[in-house]
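Colleague: The structure is given below, and queries will be raised subsequently.
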Amino acid sequence: MKILAKVKKSANKLICLNIKQIYFDSIPLEALFQDLATVGLVPLQEDGLQWAGILCGAEGQVYFELAARSTALVRDYGTTYTPSGNCALCLSWYKMQSGRYEIVAYVS
């Protein structure tokens with residue numbers, strides 16, 4: 001299931017509002033994931049489950065594959081989603097000498 005351009009645009013507007021300040025004490029994953037949930041998107045792990053994990057390192061870049069919440073399928077081991085194949089949450093971070101993180105995030 002492909003994600004419509006207007007959904008991606010809505011997600012990017014919300015993300016832009018949340019990371020407007022650019023510098024953070026920690027990587028704001030919860031806020032980013034909440035923005036995605038607001039427009040009906042879910043970040044995924046490789047097994048199709050909703051992403052759960054940690055980000056490590058003073059700098060890095062990650063691409064979270066996204067799915068529409070409407071593709072949910074309840075299984076014995078958890079709820080899986082069908083990846084969209086046409087969008088991802090792109091997130092990069094850099095920890096400055098001050099200890100704060102510089103964040104760039106968007107839905108591609």
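Computed from the coordinates by the stated procedures, all read-outs in this text should not be read as laboratory data. Model, not experiment: these values are computed from the prediction. FYI the Cβ positions are ideal-geometry reconstructions off the backbone, even for glycines, and counts take in every protein chain you see.
Colleague: Conditions: (1) touching a residue at least 40 places away in the same chain (Cβ under 8 Å); (2) more than 14 Å from SER108 (Cα to Cα); (3) within 13 Å of the chain's Cα centre (by Cα). ASP35 meets all but one. Number of the miss?
Modeller: Every listed condition holds for ASP35 apart from (1).
Colleague: Let me ask something else about it. For segment 63-89, which positions are assigned to a strand (DSSP E or B) and surrounded by 15 or more Cβ atoms within 10 Å (Cβ to Cβ)? Steps first, please.
Modeller: As a first pass, look at segment 63-89 and keep what is assigned to a strand (DSSP E or B): 63-68, 73-75, 78-80, 83-89.
If the condition is that a residue be assigned to a strand (DSSP E or B) and surrounded by 15 or more Cβ atoms within 10 Å (Cβ to Cβ), then PHE64, GLU65, LEU66, ALA67, ALA68, THR80, PRO83, SER84, CYS87, ALA88, LEU89 are the ones that fit.
Colleague: For segment 62-69, state whether one or more residues are in contact with a Gly (Cβ under 7 Å, 6 or more places away or on another chain) and basic (Lys, Arg).
Modeller: yes
Colleague: To continue, here is another question. Could you tell me which residue of segment 1-32 is surrounded by the most Cβ atoms within 10 Å (Cβ to Cβ), considering only residues that are of a type in the set (S, T, N, Q) and without any contact (Cβ under 8 Å) to a residue 40 or more places away in the chain? Spell out the reasoning first.
Modeller: As a first pass, look at segment 1-32 and keep what is of a type in the set (S, T, N, Q): 10, 12, 18, 21, 26.
From the residues that got through so far, the ones that are without any contact (Cβ under 8 Å) to a residue 40 or more places away in the chain too are 10, 18, 21.
Numbers: SER10: 17, ASN18: 15, GLN21: 9.
Going through the qualifying residues, I end up with SER10.
Colleague: Of the residues that make up segment 46-53, is at least one among the polar types (S, T, N, Q), surrounded by 15 or more Cβ atoms within 10 Å (Cβ to Cβ), more than 16 Å from TYR106 (Cβ to Cβ) and in contact with a strand residue (DSSP E or B) (Cβ under 9 Å, 6 or more places away or on another chain)? Explain how you work it out, then say what you get.
Modeller: Looking only at segment 46-53, we keep the residues that are among the polar types (S, T, N, Q), and these are 50.
Next, only the ones that are surrounded by 15 or more Cβ atoms within 10 Å (Cβ to Cβ) stay: 50.
Checking the rest, the ones that are also more than 16 Å from TYR106 (Cβ to Cβ) come to 50.
In the following step, the residues that additionally are in contact with a strand residue (DSSP E or B) (Cβ under 9 Å, 6 or more places away or on another chain) were identified as 50.
Checking segment 46-53: at least one residue is among the polar types (S, T, N, Q), surrounded by 15 or more Cβ atoms within 10 Å (Cβ to Cβ), more than 16 Å from TYR106 (Cβ to Cβ) and in contact with a strand residue (DSSP E or B) (Cβ under 9 Å, 6 or more places away or on another chain).
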